[in-house]
Amino acid sequence: MSAAPLRATAARRVLDGFGNSLRSTSLSARPTNVEELAAVLQQAREEGLNVSFRGNGRSYGDASLNTNQLSIDNRGMTRVLSFDPATGIIDAEVGVTIEDLWRTGLPHGWWPYVVPGTMFPTMGGCTAMNIHGKNCFKAGPFGDHVLDLDLMLADGSIKTLSRTQEPDLFRAVIAGLGLLGAVTRVRLQMKKVESGRLKVRPIQTHSLEEMFDCFVERMPQSDYLVGWIDCFAGGASLGRGLVHQANYLSAKEDPEGRSLLALDAQGLPPSIMGIPRSMMWRFMKPLTNDAGMRFINTVKYHLPEPHDHEGVFYDGHVSFAFLLDFVPGWRNAYGDSGFIQYQLFLPDATARRAMREALELCQRRGVVSYLGVFKRHRPDEFLLSHGLDGWSLALDFAVPAGDPQKLWRATNDLTALVLEAGGTFYPAKDAVVSAEAFARAYGERLSRFLAIKRQLDPQTLFQSDLSRRLLLY
Amino acid sequence: MSLRFTRAIIVGASSGIGAELARQLAAEGCDVALVGRRRAELDALAAEIAKHGRKAIVQTHDVTQVDETPLVFERLVEQLGGLDLIIYAAGVIHVPEEGVWDARAEMQQLQVNAVGAIAWTTPAAAMFEAKRAGTILGLSSIAGERGRRNMPGYTASKAALTTWLEALRNRVSRYGVNVVTVKPGFVDTDMTKHLTKKPMMIPVNTAARLILAAARRGDSASVFVPFQWWLVAMVLRHMPSFIFRRLDI
């Protein structure tokens with residue numbers, strides 16, 4: 001089977017990073033099965049096109065862009081191949097989303113071990129980026145729960161990889177940025193849950209130190225821990241914020257929770273403060289500037305969340321997990337210049353100092369993040385994983401329409417700070433790090449990855465704007 | 001707002017309005033890619049443009065070969081080092097004799113005037129959407145306002161082109177892309193040589209000047225050239241069919 005000539009006949013797609021600050025046109029193909037995928041890869045090779053993969057475009061930077069080359073749309077392969085309600089093992093094609101996972105599993109009491117802040121990423125993206133969630137300190141990254149996967153190589157052949165079958169390649173493909181081949185299928189273990197909701201305890205922290213201390217104290221007895229930071233606060237309040245500690249509930253603790261596993265008991269509220277969710281970003285737009293966001297961060301910090309006499313509230317899995325999906329189109333509030341996310345990953349030993357310096361640096365430069373998210377991570381087995389025994393701070397910066405250089409200067413300095421602190425970068429978020437900085441952060445691990453890349457894909461069929469920026473070939 | 005164009009593709013540049021647009025663009029400092037079927041005419045035009053000190057790339061291409069279009073487009077953009085204006089000026093006209101019915105000749109006009117325009121403006125629109133800038137200009141015609149008995153295929157093709165450009169405008173103007181539909185009346189070119197009635201005819205350099213002025217305004221519009229045709233179009237558009245069909249136009 002062969003595909004039609006791509007340069008002459010393929011549709012063009014304008015693709016953007018989720019941050020809306022990078023955008024380009026690619027040729028697009030959407031194979032619906034492995035045979036079609038193999039034919040598209042062969043056709044691309046014959047025409048000298050290189051290939052990248054795209055699911056729902058949730059990477060913030062250029063990870064799923066491939067300017068003027070071929071972008072394979074994973075969303076043609078969206079079948080759940082099997083699901084066993086007894087074991088919670090799900091076998092899913094590359095275009096299956098996190099949403100598909102929980103919709104399949106939850107009615108039977110299975111929730112994905114690792115979910116990001118949005119339910120739209122596909123198995124392809126989750127695998128390529130080895131995504132993490134609010135429970136990273138405990139459950140590790142996405143890859144930890146992958147049992148095996150199928151990888152189509154540049155020549156169209158398929159390898160099944162697992163911890164026992166070509167384990168080195170398995171550990172390179174997960175977090176491998178889609179550069180070693182096309183993942184076509186992923187088999188995952190899900191997590192047993194007995195209630196459709198979580199017990200959530202909101203905790204106000206008055207400074208960055210307190211936030212760290214709160215995590216250290218609560219990690220042993222928490223299933224999820226995520227911190228929100230008001231990046232505008234300075235002085236003694238630098239790094240102030242809120243921690244959400246969440247715990248699964250057993251059938252004994254929450255007898256009614258079982259009925260909440262039903263899909264119609266889950267979901268997101270249709271409106272927020274009386275405004276339909278789909279309209280919400282238009283109301284956010286006038287506030288998406290330094291003054292507006294300083295105000296919103298202050299209000300959020302001081303506004304107590306409704307909770308019971310024990311200081312907790314109960315939240316469904318879906319509404320706790322997918323905060324980014326509450327306001328569809330929220331990224332549009334940043335306007336046409338968009339925004340970037342810069343996530344600092346810092347080792348435990350240097351994190352307190354480096355994170356403080358990062359927040360101060362941003363304030364000094366007048367580029368303050370409108371949203372700061374704080375998490376604890378742990379190291380994992382995957383070759384190019386961003387995971388480390390340490391902490392992360394995710395910062396969302398509006399790209400200043402008039403003076404983007406101001407932001408790039410600040411992020412350059414943040415990069416220097418991360419390198420000096422011995423940290424890493426996360427390609428799913430990144431739009432700004434240089435090849436040199438990335439190489440310094442990943443060191444010998446990167447050399448090993450590139451050796452595998454050169455052996456498996458000597459013609460460099462698999463590329464992206466990100467791989468060219470970071471010289472990953 | 002007044003846009004300044006520095007890199008333009010003109011499809012249908014070997015003669016008529018397209019050639020004159022290329023000349024005037026080059027005169028104001030724009031590099032041009034000249035696309036057309038006739039090599040000799042394109043070469044002569046390129047030599048003339050070179051005198052202005054601008055780059056003129058010659059590309060022979062038949063707009064009905066739509067599978068070649070994306071590749072030719074990409075190559076030209078690369079040679080120009082980017083693109084801020086694409087003009088689709090390719091067009092053919094067939095006036096059937098009374099009692100003669102020639103489907104091939106009728107369809108040919110759809111292929112050149114409308115399908116070719118879709119093939120060329122699509123990759124340009126995709127590129128401009130990503131860049132959040134750029135101008136697409138199509139030469140339609142006042143003839144697209146009504147289906148006329150003496151040029152059925154031509155009027156149908158121009159109606160299709162006008163609607164296509166309107167749809168493009170509605171699709172990309174929100175991204176800062178400027179889509180201009182130009183509806184000239186009679187312009188003194190080879191194409192109108194054989195027509196018998198040519199009211200309000202204007203010279204080609206005047207037409208090109210008015211067209212570029214409309215493009216530079218950057219306000220995504222549909223314009224009549226000269227503007228007096230607007231009134232004619234209004235009258236034609238609202239004329240009841242039972243009267244219109246009795247007219248010999």
Point to revise | Single match in A:198, A:179, A:153 (criterion: surrounded by fewer than 23 Cβ atoms within 10 Å (Cβ to Cβ) and either over 28 Å from residue A:44 (Cα atoms) or of a type outside the set (Gly, Ala, Ser) (or both)) | key: A:153
Revision key, fill the gap. Quick count over segment B:94-122, residues being away from chain A (no Cβ under 14 Å) and without any contact (Cβ under 8 Å) to a residue 24 or more places away in the chain, is 8
Exercise for review: May I ask you to say which residue of B:125, B:130 is without any contact (Cβ under 8 Å) to a residue 12 or more places away in the chain, within 13 Å of chain A (Cβ to nearest Cβ) and closer than 20 Å to residue A:336 by Cβ?
Suggested key: B:130
Review point. What's the number of the condition residue A:453 fails, among (1) closer than 21 Å to residue A:386 by Cα; (2) assigned to a loop (DSSP other than H, G, I, E, B); (3) more than 20 Å from the chain's Cα centre (by Cα)?
Key: (2)
Study note, to complete from the structure: Scanning segment A:78-98 for residues that are farther than 15 Å from residue A:34 by Cβ and of a type outside the set (Val, Ile, Thr), the one surrounded by the fewest Cβ atoms within 10 Å (Cβ to Cβ) turns out to be A:86
Revision key, fill the gap. Looking across segment B:1-32 at residues that are under 15 Å from residue B:84 (Cα atoms) and of a type in the set (S, T, N, Q), the single one that is surrounded by the most Cβ atoms within 10 Å (Cβ to Cβ) is B:6
Check your understanding: How many residues, within segment A:354-408, are basic (Lys, Arg) and farther than 30 Å from residue A:163 by Cβ?
Key -> 4
Review point. Out of (1) of a type outside the set (A, V, I, L, M); (2) surrounded by fewer than 22 Cβ atoms within 10 Å (Cβ to Cβ); (3) within 14 Å of chain B (Cβ to nearest Cβ), the odd one out for residue A:46 is which?
Key: (3)
Review point. Only one of (1) outside any loop (DSSP other than H, G, I, E, B); (2) buried (at least 18 other Cβ atoms within 10 Å of the Cβ) is not met by residue B:220, so which one is it?
Key: (1)
Review point. Can you tell which of B:74, B:68 is free of Cβ contacts under 8 Å to residues at least 24 places away in the same chain and within 14 Å of chain A (Cβ to nearest Cβ)?
Key: B:68
Practice item. Keeping to segment B:15-32, report how many residues are in a loop (DSSP other than H, G, I, E, B) and of a type in the set (Lys, Arg). Key: 0
Practice item. Scan segment B:133-177 for residues that are free of Cβ contacts under 8 Å to residues at least 40 places away in the same chain, among the β-branched types (Val, Ile, Thr) and either buried (at least 19 other Cβ atoms within 10 Å of the Cβ) or within 14 Å of chain A (Cβ to nearest Cβ) (or both) and report the count. Key: 1
**Study point:** Filter result for the condition that a residue is within 14 Å of chain B (Cβ to nearest Cβ) and either acidic (Asp, Glu) or buried (at least 19 other Cβ atoms within 10 Å of the Cβ) (or both), over A:65, A:101, A:37, A:41
**Key:** A:65
Review point. Hey, which of the helices (runs of 4 or more DSSP H) in segment B:33-130, taking only ones fully inside, have at least 1 residues that are surrounded by 15 or more Cβ atoms within 10 Å (Cβ to Cβ) and β-branched (Val, Ile, Thr)?
Key: B:39-50, B:69-80
Check your understanding: Of all residues in segment B:199-217, which are closer than 23 Å to residue B:112 by Cα and either touching a Gly at 6+ places or on another chain (Cβ under 8 Å) or surrounded by fewer than 18 Cβ atoms within 10 Å (Cβ to Cβ) (or both)?
Key -> B:204
Check your understanding: If a residue has to be touching a helix residue (DSSP H, G or I) at 6+ places or on another chain (Cβ under 9 Å), away from every other protein chain (no Cβ under 14 Å) and in contact (Cβ under 8 Å) with a residue 60 or more places away in the chain to count, how many in segment A:1-34 make the cut?
Key -> 2
Exercise for review: Scan segment A:440-461 and report the pairs whose first residue is without any contact (Cβ under 8 Å) to a residue 40 or more places away in the chain and whose second residue is in a helix (DSSP H, G or I), with Cβ atoms within less than 6 Å and a gap of 6+ or a chain change.
Suggested key: A:440/A:419
Review point. Of (1) surrounded by 13 or more Cβ atoms within 10 Å (Cβ to Cβ); (2) under 21 Å from residue B:28 (Cα atoms); (3) hydrophobic (A, V, I, L, M, F, W, C), residue B:195 satisfies all except one. Which?
Key: (2)
Practice item. Would you please list the contacts, defined by Cβ atoms under 7 Å and residues six or more apart or on different chains, that run from a residue in segment B:14-33 that is at negative phi to a residue that is assigned to a helix (DSSP H, G or I) and among the basic types (Lys, Arg)? Key: B:24/B:209
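Every number in this text was worked out from the coordinates using simple rules, so none of it is lab data. This one's a predicted model, so the numbers in the text were calculated from it and none came from an experiment. We place every Cβ from the backbone using ideal geometry, glycine too, and count neighbours over all the protein chains shown.
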